[in-house]
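These notes concern the structure reproduced below.
None of the figures in this text is laboratory data; all of them are computed from the coordinates on show. As the structure is a computational prediction, the values presented were derived from the model and not from experiment. Cβ coordinates were reconstructed from backbone atoms using ideal geometry, including for glycine residues, and neighbour counts include every protein chain displayed.
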Amino acid sequence: MADVLPSRDPYDDGDTGSAGRHPTAEVGRSPEAALERLTELVREARSVVALTGAGISVPSGIPDFRSPGTGMWESVDPMEVAHIDAFRSDPVRFWRFYGERFATLRDKQPNDAHRALVEMERRGLLDGVITQNVDMLHRRAGTRELVEVHGSIATCSCPDCGEQATLERARALMAADAEGVPRCGGCGGPLKPDVVLFGEYLNASEIERARRLCEGAQVLLCIGSSLEVHPVAGLPLVTREAGGAIAILTQGRTPLDDLAEVRLDGDVEHELRALADALAGSTPAPR
């Protein structure tokens, strides 16, 4: 399987926080009834998988990318600071931006939505999490089966010789460099964060892992994503074509709303905490 190029911003899953909210998709179904139906689906499913985007991390204090007034790309052109060509041509400017991003994410902690997914996984009610986020919050929460399709800020690597540095080591190297660029201890070249930049291909093995999870899922929970960035946006269709159900929990419209068995657009922490609590005492369905 060849590597896959995202159709647009590999960071931006399109979720815009509270912008563009709309009523629950099912006509006549209240949020309470939608949650009850979601609980029923998860309880009866042999396999449940979560697909998460930027919206799940907003309650942790991490802004999304395009919300008016708060989005990260409101004040900077991502093509100038987050493209692979920008890294290659001007690593100083690239790392000026990424140094700020590292600082922004440094002390962020998982919120109750992340923790609710961990609880479901530990009870055997969730087979894995596929995330578009690079913020490490699912890792910090304790998710075991995790597919980070856009990579992670956990490490940086040298494109020239392959040397790798942890996030903390990269921060120390940035502080020690006069230009603020973390440099390879082997060849002296600039290190690159191990995330998918504009102009780069997604990791083929991670996309394949995600596809297999979605193909086997009887329920796919799409959380905090507007489902517009391909190829990830096509994963819910893999689940549906295999006979599974799609549940969308996100604020803002998505192209797949009409296909969702359950549609919720409230507070993601509240909704996932309510789901986890409603499933308390449930045992995994026979496989």
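Worth a mention:
- When both bridge partners sit in the chain, DSSP labels roughly 30% of those beta bridges antiparallel.
- Taking all Cα pairs closer than 8 Å and separated by 6 or more residues, the relative contact order of the chain comes to 32 percent.
- Restricting the range 142-174 to trypsin sites (Lys or Arg not before Pro) that sit in a DSSP loop and have at most 16 other Cβ atoms within 10 Å of their own Cβ leaves Arg144.
- Structure-derived semi-axes √(5λ) of the Cα gyration tensor in Å: which label, when the choices are (1) 34, 19, 17; (2) 29, 25, 18; (3) 45, 23, 19: (1)
- The range 88-163: relative contact order as a whole-number percent, Cα under 8 Å and 6+ apart: 25
- Taken as Cα centroids, the range 81-137 and the range 158-224 sit 10 Å apart, rounded to the nearest whole angstrom.
- Highest-fluctuation residue, Pro63, Pro255, Pro190 considered, GNM on the chain with Cα pairs under 10 Å: Pro255
- Pairwise label distance in nanometres, Glu215 with Val92, each label 7 Å out on the Cα-Cβ vector: 4.9
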